[in-house]
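Please treat every number below as a calculation from the coordinates, not as lab data. What you see is a predicted model, and the numbers here were worked out from it, not measured in a lab. We place every Cβ from the backbone using ideal geometry, glycine too, and count neighbours over all the protein chains shown.
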Amino acid sequence: MNQRIENDHKALHSALKQIDVAFDEVPDFATFKDWKIELLWLLRDFLNQLQKHFDLEESGGFNDELSRIAPHLLAQVEHLEEEHLKIVSDLTHILDILKTVNRPDSGKMERGRLRVEALTAFIRTHESAEHAIIQEAYLRDLGVGD
Ligand SMILES: [Fe+2]
Ligand SMILES: [Fe+2]
């Protein structure tokens, strides 16, 4: 399998773990602003990482190769590409909301936290569906998938 994609999936997995603990210790009022900047930058770097990952899958020839090896999976590959759009727009929206939070104890803060949690779960489901498609395509390519 494409080594670059595989490495990129590993990097994505580590980033997800970092995001998992990002809200573990929300600070008090005194340090909230510094904490918030770190959180925004972490999520913004993650957004950039995701977009580059999706570039690689969509434009790096990887999805084309998948569709060529396993044309019957084309609809599923297209569905994954649509999910990329949802992930990017959700995360952009979450960032816009979190940016306006000024108090650690606000309801907006809690909703932001829950949405990040839901998004990371969605990305993990997406990645495992993608993994299953890759497995099926390459097994079939080797002639053992039928
Ligand atoms: Fe993907
Ligand atoms: Fe992926």
*Answer with yes or no whether Ala132 is loosely packed, with under 14 Cβ neighbours inside 10 Å, among the hydrophobic types (A, V, I, L, M, F, W, C) and under 20 Å from Glu58 (Cβ atoms).*
yes
*Select from the stretch 70-91 the residues that are surrounded by fewer than 16 Cβ atoms within 10 Å (Cβ to Cβ) and more than 9 Å from ligand 1 (Cβ to nearest atom) and list them in ascending order.*
Pro71, His72, Leu74, Ala75, Glu78, His79, Glu82, Leu85, Lys86, Val88, Ser89
*asked:* Filter the stretch 96-121 down to the residues that are among the aliphatic types (A, V, I, L, M) and under 14 Å from the mean Cα position of the chain (by Cα) and list them by number.
replied: Val116, Ala118, Leu119, Ala121
*Looking only at the stretch 1-37, which residues are acidic (Asp, Glu), away from ligand 1 (no atom under 16 Å from the Cβ) and surrounded by 12 or more Cβ atoms within 10 Å (Cβ to Cβ)?*
Asp20
*asked:* Filter the stretch 92-103 down to the residues that are outside any helix (DSSP H, G or I) and surrounded by fewer than 17 Cβ atoms within 10 Å (Cβ to Cβ) and list them by number.
replied: Thr100, Asn102, Arg103
*Considering each of Ala22, Ala15, Ala70, Ala75 in turn, give the residue that is of a type in the set (A, V, I, L, M, F, W, C) and under 14 Å from the mean Cα position of the chain (by Cα).*
Ala15
